[in-house]
Structure formats: structure tokens, C-alpha cells
1. Residues of segment 91-134 being over 16 Å from THR54 (Cα atoms) and touching a residue at least 60 places away in the same chain (Cβ under 8 Å), which ones?
2. Identify, by number, the condition in (1) at pLDDT below 95; (2) outside any strand (DSSP E or B); (3) over 17 Å from SER88 (Cβ atoms) that VAL25 doesn't meet.
3. Can you name the condition, by its number, that MET105 falls short on among (1) crowded, with 18+ Cβ neighbours inside 10 Å; (2) in contact with a strand residue (DSSP E or B) (Cβ under 9 Å, 6 or more places away or on another chain); (3) not in a strand (DSSP E or B)?
4. Pairs please, first residue from segment 68-90 and of a type in the set (Ser, Thr, Tyr), second anywhere and surrounded by 13 or more Cβ atoms within 10 Å (Cβ to Cβ), Cβ atoms under 6 Å, 6+ apart in sequence or on different chains.
5. Would you mind telling me which numbered condition in (1) of a type in the set (S, T, N, Q); (2) at pLDDT 95 or above; (3) assigned to a helix (DSSP H, G or I) THR13 fails?
6. Based on this model, can you work out whether ILE44 counts as among the hydrophobic types (A, V, I, L, M, F, W, C) and in contact with a strand residue (DSSP E or B) (Cβ under 8 Å, 6 or more places away or on another chain)?
7. Condition first: aromatic (Phe, Trp, Tyr) and either under 20 Å from SER29 (Cβ atoms) or exposed (fewer than 15 other Cβ atoms within 10 Å of the Cβ) (or both). Now tell me which residues in segment 54-89 satisfy that.
8. Checking PRO118 against (1) in a helix (DSSP H, G or I); (2) over 20 Å from SER29 (Cα atoms): exactly one of these is not met. Which one?
Amino acid sequence: MNRRAFLTATAATLVLPHAASAIQVRTFSPALWDAVRATDQVVILNFRTSWSLTCQIKQELIAEALSRTPAYRELQFIDVNWDTYGPSRMAARLKVDRRSSLLVMKSGAELARLVNQPQAHKIRELLDAALNAA
């Protein structure tokens with residue numbers, strides 16, 4: 001492991017618990033999704049797995065963005081377990097065909113999407129789109 005990767009991983013590990021406690025993260029369920037779609041609130045669906053390196057990098061980048069931009073902490077995230085809901089009708093209707101996908105949703109409509117792009121500037125663009133829609 002090179003020094004930069006080690007330092008980035010270490011810093012993200014230190015930041016992640018603080019950022020995670022500051023944001024609203026809910027676990028996906030069909031009932032929660034039905035309730036959220038019936039409102040006009042903006043949510044970010046985070047399709048992820050616990051075993052994917054790309055998903056882990058994405059989580060670390062989100063935590064870093066939250067620690068640097070306090071306004072992002074107002075966003076609501078819904079974690080969608082890809083292993084459980086990846087093959088579901090909901091994922092098919094939303095055209096989510098791979099893990100490590102982030103969707104900004106409002107009233108059941110998609111406003112922005114980021115698929116398998118664990119890059120800090122792309123994460124910030126998506127979070128900015130969510131803020132602008134709120």
C-alpha cells in the first residue's frame with residue numbers, strides 16, 4: 001500500500017464516525033420508500049454493499065465531503081443493500097443495474113445519478129444537485 005492511500009484511508013476512518021453521526025442515514029425498506037415517494041423531500045439512495053471496495057471508497061469520499069461542507073449534513077441518505085435489493089423490481093424500475101450507485105430522488109423522480117465513479121469532485125457535484133433541489 002502506498003503512503004497516500006494509507007493516509008487517505010486513515011483520515012477517512014477518523015472522519016467517518018463523526019460525519020455519519022451528523023447526517024440522517026436510514027436503511028431502505030419498501031415501506032420507507034413508499035413513504036418518502038409520497039413527500040417532496042429530497043433523498044439520496046445509496047446502493048451499496050459491505051464487501052465492495054468501490055462502495056467503501058465512495059463512503060469515504062461522502063464522509064470527507066460532509067466534513068468539509070456543513071450544508072451537506074442536512075441531506076438525507078437511504079442505504080440500499082445491493083445484495084438484498086439489487087435484483088428487486090424497485091431497482092429494475094429505477095434502472096439501477098450495479099452497486100455503487102447514488103440517486104438523488106424527489107417525490108419518486110430521479111434528479112441526478114452517479115454510477116461507479118468514486119471521485120471526490122463527482123460526489124460533490126451530486127451532493128450539490130441534491131442541495132439545489134431541496
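The values are calculated or read from the model by the stated rules, or taken from the named source; none is laboratory data. Keep in mind that this is a model prediction, so the values were computed, not measured. Positions of Cβ are generated from backbone atoms using ideal geometry, with glycine treated the same way; all protein chains shown enter the neighbour counts.
1. Matches in segment 91-134: VAL104, MET105, LYS106, SER107, GLY108, LEU111, LEU126, LEU127, ALA130, LEU131, ALA133, ALA134.
2. Condition not satisfied by VAL25: (2).
3. (3)
4. What qualifies is TYR72/ALA65; TYR72/LEU66; TYR72/LEU127; TYR85/ALA91.
5. (2)
6. Values: among the hydrophobic types (A, V, I, L, M, F, W, C): yes; in contact with a strand residue (DSSP E or B) (Cβ under 8 Å, 6 or more places away or on another chain): yes.
Considered against the rule, which asks whether it is among the hydrophobic types (A, V, I, L, M, F, W, C) and in contact with a strand residue (DSSP E or B) (Cβ under 8 Å, 6 or more places away or on another chain), ILE44 comes out as yes.
7. Across segment 54-89, the qualifying residues are PHE77, TRP82, TYR85.
8. It is condition (1) that PRO118 fails.
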